[in-house]
Amino acid sequence: MDPPLPRYFSSSASTPRSLECCLCPRRCLIPPGASGRCGVRQNRGGFPTLPFYGYVTALAEDPIEKKPLYHFRPGSPILSLGFAGCNLHCPFCQNWHISQLGKVADTDINGRHLSPEQVVTLARERLFSQIAYTYSEPLIHIEYLLDCMALCHGEGIANVLVSNGCINAEPAAEILTLTDAANIDLKCFSEETSEKILGGKLGTVLSFIEAAYTAGVHLEITTLIVPSLNDSDTETRGCAEFIAGINREIPWHLSAYHPDYRYEAPPTNPTALLKIARMGREYLSYVYTGNIPGESNDTPCPNCGATLVSRRGYRVDNGGLALKQINGKQVYCCAKCGETAPVRR
Ligand code: SF4
């Protein structure tokens, strides 16, 4: 499999044969023989190379709720592809074995190469109508994603992006034209935490979220609530207000953290998570909680309150939804009162 020409690199005027990667706000200056901070975008003898193009570290069949996406084709299966590396270095990363490539010794990236054509063939053979690019950060493999996504659209397969949203405006605009649905991590609401602890840039993520919404991508947001890092009232309220400023109907997933990688704070207290969810509902119509026992994450009808979709863990009953026609297009509605449902097909 011949990788395509790498994109979003430029030569450095000041350092001969070094390359600047312009994909994400880190803008790594990469000398010959080295990789950028994500571990996957490389400079070989002054030329950009993508040795991990098509290198798939995880391939799984998931319920779409696991992404998590609750308002896009609820109860449907999705083919999930994972990759290697990440442009962030969150100390609590739950996928650090594959994401922290080149940054820690014991990463484990056993995988295999799959061409975009092979991915689409696999999806068709297994009767999937959607593919998720997920687990570690897919956007650092943007060349591969663009190739897969274009082929998927040609076959009527939807593209789902699960991402930290931390890439610059130009590549963001390009990838969003091929993205049908996305779950974006809003990991914190502090520029200092974003830069010093996670290695990202909050402003870039906020811009990506706004761009995805403007592009018509079905959008859901996830925040992993990490004690002492992002669980203050100021910060969580900041997240909720920002999302509501775009559209209060955007679902917000609050997820409980557990100790992993280099972070040893005790797990998120379920009571604290539920309190943040109550605060979130002051701003947003749909706030869900994840990774805590006994959670109720049903989606009610905005008109009559009937349950449209009920969820117990990954067991989903979408019997409260029916279909109706609007302008010749079939959309979901409430089976009881007929109100258009906040759920996309
Ligand atoms: S995508 Fe990777 S190589 Fe490019 S700027 Fe970001 S961390 Fe650096």
Applying the selection to segment 259-275, what residues are without any contact (Cβ under 8 Å) to a residue 24 or more places away in the chain and either outside the structural domain of N291 (by TED's automatic domain parsing) or charged (D, E, K, R) (or both)?
E264, K275
Does segment 149-160 contain any residue that is within 27 Å of V343 (Cβ to Cβ), under 16 Å from the mean Cα position of the chain (by Cα) and in a helix (DSSP H, G or I)?
yes
I'm told T15 meets every condition in (1) modelled with pLDDT under 95; (2) in contact with a Pro (Cβ under 6 Å, 6 or more places away or on another chain); (3) hydroxyl-bearing (S, T, Y) except one. Can you identify the failing condition by its number?
(2)
Within segment 84-103, which residues are assigned to a loop (DSSP other than H, G, I, E, B), more than 13 Å from the chain's Cα centre (by Cα) and either surrounded by 22 or more Cβ atoms within 10 Å (Cβ to Cβ) or within 16 Å of the ligand (Cβ to nearest atom) (or both)?
A84, G85, N87, L88, H89, C90, C93, Q100, L101, G102, K103
Selection over segment 110-142 where residues are buried (at least 20 other Cβ atoms within 10 Å of the Cβ) and either assigned to a loop (DSSP other than H, G, I, E, B) or within 16 Å of the ligand (Cβ to nearest atom) (or both) yields a count of 10
Flag if R41 is closer than 29 Å to C301 by Cα and surrounded by 20 or more Cβ atoms within 10 Å (Cβ to Cβ):
no
Taking strands (runs of 3 or more DSSP E) that fall entirely within segment 1-82, which contain at least 2 residues that are within 13 Å of the ligand (Cβ to nearest atom) and touching a residue at least 12 places away in the same chain (Cβ under 8 Å)?
9-11, 19-21, 42-44, 47-49
Expected single match for within 20 Å of V343 (Cβ to Cβ), in the same structural domain as L145 (by TED's automatic domain parsing) and not in a helix (DSSP H, G or I) among L254, L178 is L254
Being farther than 24 Å from N168 by Cα and β-branched (V, I, T) is the filter here, so list the residues in segment 197-254 that pass it.
I225, V226, T234, T236
Does segment 213-231 contain any residue that is over 15 Å from the mean Cα position of the chain (by Cα), closer than 30 Å to T340 by Cβ and buried (at least 21 other Cβ atoms within 10 Å of the Cβ)?
no
Which of the residues belonging to segment 146-161 are under 15 Å from I184 (Cβ atoms) and crowded, with 24+ Cβ neighbours inside 10 Å?
V160, L161
Of the residues that sit in segment 267-309 and are part of a strand (DSSP E or B) and at pLDDT 95 or above, which one is farthest from the chain's Cα centre (by Cα)?
T307
Among the residues of segment 310-341, write down those that are surrounded by 19 or more Cβ atoms within 10 Å (Cβ to Cβ) and either assigned to a loop (DSSP other than H, G, I, E, B) or in the same structural domain as G216 (by TED's automatic domain parsing) (or both).
N318, G320, A341
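The values are calculated or read from the model by the stated rules, or taken from the named source; none is laboratory data. As the structure is a computational prediction, the values presented were derived from the model and not from experiment. Every residue, glycine as well, gets a Cβ built from its backbone with ideal geometry; the counts of neighbours run over all protein chains shown.
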